[in-house]
């Protein structure tokens, strides 16, 4: 009787599943594990131009690397693929957290992919300030789009970069275009004043907003409204439909208060439901109307040339920052400089000047 009770007890331990070994069994058996191939610059370029996604992904990883030994090779790949880029529409999709950026992008991406367009999604995930790590869950959120043959999703960590984008998003756009993707969707981390960085690398800036969440008046205050080429009120379905239409009218009136954009384009405000696939086609038509309008008045080409100059400036700053961080003379005296600064014996200005002076001597 006591034995039966012990068997039925909730405290009894049942046999679990076997855990996988901590070491790859292929290695234990003496078999070699297939390693990632190290491509030359020309092999990278030919693989990208042929649309090889494995090579494209490896090239993007190389471009995103902060190691100085990867820098020259990455730049050589970019320079060789640059003539084959630019034949695409670059679209930034931004909005407050919870607005449904990933859901919207999947709905738009599927609409375009089904129509025969080749879609690359560059999803920027926020990085931890402490660990610098990111969840990178966009392929999971965009389950249907991630397996579509006409789509490619590349999650990248923001890694401390401002503007809601990753450190090398511009370069990633170039590589995706060279691989044959004619539509590039950049999903930013979130919405804020620093989104100007994302705005400086795309053709069309789409702002997603929520209705009934206190965003109507806040959206009017934000300078980001001035950057938007279109505003879309998301989740306009079910009981939210009326609120979304009300928000659309508020934003539409607000946009009239802003000065004309440099392109001369008048931004529209739309409602959409990614869940019901409503308003997606209309938004895409708006984007195509914008492209046609700006191509005809010359703004599209002029904007691309301005972005090339911005990219040059960013590359200079990025190179100097990386070079400074890796400099041996700087790293040799930095602990002592930091100690003096923390003890209040020198000012932040003096500390910075000391490090910069040593860096310039070395160069």
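Structural remarks
- Inter-centroid distance (Cα atoms) of the stretch 334-355 relative to the stretch 58-116, Å: 40
- Between residue 114 and residue 37, full extension at 0.36 nm per residue minus the direct alpha carbon distance yields a gain of 24.4 nm.
- With the simple spin-label model, which puts each label point 7 Å out from Cα in the Cβ direction, the residue 326 to residue 86 separation comes to 3.0 nm.
Every number here is computed from the coordinates shown, using simple stated rules; none is lab data. The shown structure was predicted, so the numbers you read here are calculated from the model rather than taken from an experiment. Positions of Cβ are backbone-derived with ideal geometry, glycine not excepted, and every protein chain shown enters the neighbour counts.
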